[in-house]
1. Pairs of Cα atoms under 8 Å, at least six residues apart: use those to get the relative contact order of the chain, whole percent.
2. For the pairs LYS71/LYS210; LYS26/LYS131; LYS135/LYS192; LYS26/LYS135, flag any whose C-alpha to C-alpha distance is greater than 24 Å.
3. Kindly provide the helix-only [θ] at 222 nm of the chain, computed as the sum of -39,500 (n - 2.57) over DSSP H runs of four or more divided by all residues, to the nearest 500 deg cm²/dmol?
4. How large a share of the accessible area of the chain, in percent, is made up of carbon and sulfur atoms when the probe is 1.4 Å and the other protein chains stay in place?
5. Would you list which lysines come within 18 Å of LYS277, measuring only between C-alpha atoms, while excluding same-chain residues fewer than 8 positions from it?
6. Comparing ASN28, ASN110, ASN125, which has the greatest mean-square fluctuation in the GNM of the chain with Cα pairs linked when under 10 Å apart?
7. At a 1.4 Å probe radius, which order do PHE3, PHE20, PHE80 fall into by accessible area, largest first?
8. Applying a 10 Å radius around every beta-carbon, put 65-74, 31-40 in order of their mean neighbour count, most first.
Amino acid sequence: MHFSLEQLAAFVAVYEKGSFSEAAVKLNKHRTTIGQVITNLEDQLAVELFERVGRSANPTSEGQMLYSYAKVTIEQAKSFNKIALSLSYGQLESLTIGYTSLIPSELLVNIRQLLLEKYPAMTVNFLIKTKDEIKAGIEDDSIQIGFVNVDQRTPITSFDITFLCYLTFGLYAAKTSPLTSLPSNQLFSTLKTSKQLILKAYLDDDISRKILLSSDYEVIEDYSLLLSLVQQGVGWALLPRVTIEGLGDLLQLQKLNLEEVKEDFRFPIALWAPRSKAVVEIKKEIESLVVDYINERRLK
């Protein structure tokens, strides 16, 4: 039995979009072409993959069983193509690192210094991106390294996903804030009605449901501005301990200890990168640096 990657790509697109028309738009093909490709595949397999209901295409039980295998095959083909292409290239002249605002600036500086030492001729760009933007950037090769706050390890990807560590976050307010003088058993109820400052990256990466505690909150896009507003007593915020406590009394912030919350918040940090010969060594060096950085500053 022989079938093409084009047929599998069409099958996966129709399955995920639930429509021949939308799949055609995604693949930049005509709807009639996609319909014919699926029909030919069904004839070859002697299996009906979709039930046609009006403009919708609902997968049959056979289609549901075959989808994951087709998806893996497509992603592996993408990986094969990227690795094959990368073998003909030498050292990268330029590297773009996409990261969320949660990543400590000191860590990014350390990464740049490492790359400057190892690859002095390389241009390195740092761009703040959402998780979805980083994924799209890696897929179109506009981003070579991505830091995301998600623990997603799945075989169905065309790029490498490496879980690095957890960043620990605490609740902080200015030392002059009335919140710092409240008993721990009164803090939680007070925080729920006090102004919370939340970094836009939390909303972009869909973790707000975990850390949005107050009904009175404001969204801040810039991390430096968020810190300044907390310092000035405008509100309280969830902040990475590795950054805040590393600066000691310089920031004049105090950690709020709640009786209802016995442990700090923890968010996973993962490194995403294309499957590329030119990137693999750089990725290993950055992974090692990040893990060492977090371990050296791990707060008990």
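The values are calculated or read from the model by the stated rules, or taken from the named source; none is laboratory data. On a predicted model such as this, the values are computed, not experimentally measured, just so you know. So basically every Cβ, Gly included, is an ideal-geometry build from the backbone, and we count neighbours across all protein chains shown. The area values use the complete protein model at the heavy-atom level, side chains included, leaving out ligands, DNA and RNA. Shrake-Rupley method; radii C 1.70, N 1.55, O 1.52, S 1.80 Å.
1. 21 percent
2. Flagged as over cut-off: LYS71/LYS210; LYS135/LYS192.
3. After summing the helix terms and dividing by the residues of the chain, the value is -13500 deg cm²/dmol.
4. 50 percent
5. The reachable lysines, counting only those whose Cα sits under 18 Å from LYS277, are LYS78, LYS82, LYS118.
6. Highest fluctuation of the listed residues: ASN28.
7. Order by accessible area, largest first: PHE80, PHE3, PHE20.
8. 31-40, 65-74
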